[in-house]
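The values are calculated or read from the model by the stated rules, or taken from the named source; none is laboratory data. Not measured: the values here are computed from a predicted model. When we count neighbours, we look across all protein chains shown, and the Cβ atoms used for this are built from the backbone with ideal geometry, even at glycine. These area figures cover heavy atoms from the full protein model, side chains too; ligands, DNA and RNA do not enter into them. Shrake-Rupley method; radii C 1.70, N 1.55, O 1.52, S 1.80 Å.
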Amino acid sequence: MGIIIVLGIIVLLVIWIVGMYNGLVRLRNQVKNGWSQIEVQLKRRHDLIPNLVETAKGYMKHERETLEEITKARNLAVNANSVAEHGKAEGKLNEALSKFLMVVENYPDLKASQNFLALQEELTTTENKVSFSRQFYNDQVLKFNTRIESVPTNIIAGMFNFKQAEFFEVEVAAEREVPKVKF
Amino acid sequence: MWEIIEANRRKSVALIFILGSVLAALGAAIGYFFTPEFPAEGVFTGIAIAMVIWIIMLLASYAGGEQILLATAGAREVKHDDAPQLFNIVEEIKIASGLPSMPKVYLIDSQVPNAFAVGLKPERAAVAVTTGLVAKLNRDELQGVVAHEIGHIANRDTLFMTMAGVTVGAVVILADLFLRGLWYSSMTGGRRRSSSSQGGGQLMAILMIVAIALAILSPLLAQLLYFATSRKREYLADASSAQFTRYPEGLASALEKISANQDKKFSKSRTLAPMFIINPMAASGKMMGLFSTHPPTEDRIHILRGMMKGSSLQAYEQAYRKLHQNKQLIGTPSLNASQEKGIRKPSPEAQQHNPKKSLRDIKDILHKTAGYGILACACGVKMKIPSNFEHKKVRCPRCGREHEVPLELLAAAIIAQDHTKKSA
């Protein structure tokens with residue numbers, strides 16, 4: 001009788017541990033899934049930029065510097081590896097792009113061209129998609145990290161070497177600024 | 001989020017059950033009315049017939065409800081290359097909302113701005129907007145409206161709306177059939193009346209009157225229930241929209257523009273009315289009350305603009321309670337789970353929107369999907385070339401320049417035409 005009870009407790013314990021482990025794996029996969037969504041959007045963004053520079057070249061003869069800056073920032077972003085590196089490189093790219101868009105204001109022909117308008121729409125949507133998938137990714141990271149830190153999952157996480165995931169933060173000036181509301 | 005879906009499902013089941021009971025009661029009353037001599041058999045047959053009608057209608061709507069609704073509204077599917085901005089916006093919100101797959105995007109050729117969503121499952125969902133909507137709204141506003149519609153899909157409102165709509169439809173049809181039958185039989189001899197007088201008894205006469213009263217009242221009752229629950233869902237979809245876009249002002253100013261541009265002529269179908277972002281039937285604005293499918297637009301705008309602290313569900317709930325004497329809208333678990341993401345800045349294009357140009361672009365999209373190629377002339381004129389155009393050259397009607405008609409243009413037009421035929 002005693003043996004059966006001990007065995008029963010052991011079986012329950014194993015089931016419990018397996019459940020915790022599987023829960024961690026599921027969360028880690030969700031983090032990975034979230035990150036691959038971001039990567040798809042980042043790649044799209046990087047692919048758009050050579051097109052943009054090519055289109056702009058024909059119109060802006062005197063802005064070589066601005067265009068070169070974008071290309072440089074883009075190449076840096078393409079070669080980024082870790083999550084933190086990506087965040088930094090994308091921030092730089094954003095800066096270069098917003099500078100470029102400001103310069104575009106001085107070239108009405110470029111601004112009105114069909115090709116540029118289409119590219120601008122694609123850029124805007126990719127940026128939105130990056131920001132939306134970043135929200136999703138960071139939510140998953142928060143869940144995963146909280147689970148790793150909490151008792152008792154932290155023991156399992158330590159045993160099987162689950163590491164905390166990194167948040168993806170792009171440095172964008174004034175991103176969280178609240179706009180003035182008009183009534 | 002999950003808790004909203006759960007609560008929605010529970011309430012939907014309850015409401016469908018109540019509506020089903022109304023339908024069964026109606027069936028029983030009708031059954032009794034026609035065979036007062038055998039009340040048990042009559043009631044049973046009446047209920048059985050009512051249930052069979054209901055189940056057939058539910059199955060039909062489950063099999064192809066989306067397609068039927070889209071066809072009723074005259075919607076045409078568009079892809080990314082047809083309407084890049086619209087398609088991109090839907091894709092953005094799909095990501096923000098975490099829907100499992102990309103909803104289909106449809107355009108309705110109408111100047112009146114409006115939008116609706118269908119889909120019994122998120123995997124089979126579709127978002128339809130009118131050309132007027134795309135033309136009149138800027139990018140941020142359009143995003144707000146699309147997010148409201150995807151909010152309906154994510155909260156499973158579309159499933160509920162279809163089910164409840166079908167059930168109300170069954171009640172209306174059954175009551176209508178009965179009353180017409182009654183009218184007809186009283187005109188041709190009145191067998192019913194003689195049988196009831198033969199049966200005698202005051203009780204029977206009273207029950208007859210109750211049956212007729214039920215037949216007259218049940219469609220009203222069913223609609224009342226349906227509309228009362230659909231109003232709350234509109235608020236919830238607005239809250240979801242603010243959460244997805246992180247920009248409540250987009251939807252607020254969109255609602256303002258849409259309600260200012262409503263037109264009674266647009267009422268494509270009464271059954272579709274609760275599905276649109278703003279009820280096309282209530283254009284006059286005086287219909288607000290028990291029978292409205294939507295809360296007053298000014299209320300919705302006021303709440304969205306009252307979200308001072310952010311874009312989360314909590315922020316919406318706070319603004320809602322301020323206006324509605326502290327009544328609770330969103331369940332506590334959802335409120336606790338929702339994270340504050342702040343409010344984003346308006347997009348740069350939002351400020352430089354040219355509605356006239358946009359309407360022209362959107363007309364081009366419709367022509368493209370209808371099987372026309374668009375040939376642009378250097379003078380700014382755009383020519384519609386039908387897919388069966390036989391000449392190799394075409395002269396611009398304004399400046400007289402001659403253009404060669406590119407073969408790939410016609411090929412693309414033919415493909416587009418085939419595509420719309422298939423999807424229609």
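In this model, which of B:Lys104/B:Lys257; B:Lys104/B:Lys392; B:Lys79/B:Lys136; A:Lys43/B:Lys257; A:Lys143/B:Lys327; B:Lys94/B:Lys341 are farther than 27 Å apart at the alpha-carbon? Please list the in-between numbers first.
Values: B:Lys104/B:Lys257 25 Å; B:Lys104/B:Lys392 36 Å; B:Lys79/B:Lys136 21 Å; A:Lys43/B:Lys257 36 Å; A:Lys143/B:Lys327 31 Å; B:Lys94/B:Lys341 17 Å.
Beyond 27 Å: B:Lys104/B:Lys392; A:Lys43/B:Lys257; A:Lys143/B:Lys327.
Going down the list A:Lys32/A:Lys111; A:Lys99/B:Lys345; A:Lys57/B:Lys382, which pairs span over 29 Å between their C-alpha atoms?
On the way: A:Lys32/A:Lys111 39 Å; A:Lys99/B:Lys345 17 Å; A:Lys57/B:Lys382 27 Å.
Flagged as over cut-off: A:Lys32/A:Lys111.
Helix A:64-78 versus the longest principal axis of chain A: what angle, 0 to 90°, nearest 10, using Cα atoms?
Rounded to the nearest ten degrees, it is 20.
Looking at segment B:94-137 only, what percent of DSSP beta bridges run antiparallel? Nearest 5 please.
Details: 4 of 9 bridges.
Percentage antiparallel, nearest 5: 45.
Which of the GluC sites (Glu not before Pro) found in segment B:17-86 are in a DSSP loop and have at most 12 neighbouring Cβ atoms, other than their own, within 10 Å? Provide the component values of the computation, followed by the final result.
On the way: sites: B:Glu37, B:Glu41, B:Glu66, B:Glu77; in loops: B:Glu37.
Sparse-neighbourhood loop GluC sites (Glu not before Pro): B:Glu37.
Return one number: the angle in degrees, 0 to 90 and rounded to the nearest 10, between the long axis of the Cα atoms of helix A:2-59 and the longest principal axis of the Cα atoms of chain A.
Once rounded, the angle reads 10 degrees.
Using Stokes-Einstein with the Kirkwood hydrodynamic radius over Cα pairs, what translational diffusion coefficient do you get for segment B:97-174 at 4 °C and a viscosity of 1.567 mPa s, in µm²/s rounded to a whole number? Before the final figure, lay out each step's value.
On the way: Rh = 13.4 Å.
Here the translational diffusion coefficient equals 97 µm²/s.
Can you compute the FRET efficiency between A:Asn33 and B:Lys384 using 1/(1 + (r/R0)^6), with r the Cβ-Cβ distance and R0 = 41 Å? Round to the nearest 0.05.
On the way: r = 45 Å, r/R0 = 1.09.
Efficiency, rounded to the nearest 0.05: 0.40.
Counting pairs of Cα atoms in segment B:297-346, how many percent are more than 18 Å apart? Intermediate values should be presented prior to the final figure.
On the way: 352 of 1225 pairs.
Counting every Cα pair in segment B:297-346, those more than 18 Å apart make up 29 percent.
Could you work out how far the C-alpha centroid of segment B:111-132 sits from that of segment B:297-319, in angstrom?
Between the Cα centres of segment B:111-132 and segment B:297-319 lies a distance of 24 Å.
What accessible area, summed over both chains, is buried at the B-A interface (1.4 Å probe, Å², nearest 100)? Before the final figure, lay out the partial values.
Values: alone 21110 and 12330 Å², together 31220 Å².
Chains B and A together bury roughly 2200 Å² of accessible area.
Quick one: angle between helix A:114-149 and the longest Cα principal axis of chain A, in degrees between 0 and 90, rounded to 10, please.
20 degrees
For chain A, what is the charge dipole size about the Cα centre, in debye to the nearest 20, if Lys and Arg each add +1 at the Cβ and Asp and Glu each add -1 at the Cβ? It would help to have the intermediate numbers written out before the result.
On the way: 23 positive and 22 negative charges, 99 e Å.
With only Lys, Arg, Asp and Glu charged at Cβ, the dipole is about 480 debye.
Under the rule of -39500 (n - 2.57) per DSSP H run of 4 or more residues, summed and divided by the residues of chain A, what mean residue ellipticity at 222 nm is obtained, to the nearest 500 deg cm²/dmol?
Numbers: 6 runs with 143 residues, N = 183.
The helix-only estimate for chain A comes to -27500 deg cm²/dmol at 222 nm.
May I ask you to work out the translational diffusion coefficient for segment A:28-183 at 37 °C, viscosity 0.692 mPa s, via Stokes-Einstein with Rh from the Kirkwood sum over Cα pairs, reported in whole µm²/s?
Numbers: Rh = 17.6 Å.
Calculated translational D: 187 µm²/s.
What relative contact order, as a whole-number percentage, does chain A give when Cα pairs under 8 Å and 6 or more residues apart are counted?
Working: 135 pairs, mean separation 59.1, N = 183.
Dividing the mean separation by the residue count of chain A yields 32 percent.
Per-residue mean of other chain beta-carbon atoms within 10 angstrom of the beta-carbon, peptide B:237-246? Write out the running numbers ahead of the final one.
On the way: counts 0, 0, 0, 0, 0, 0, 0, 2, 2, 4.
Shielding by partners across B:237-246 averages 1.
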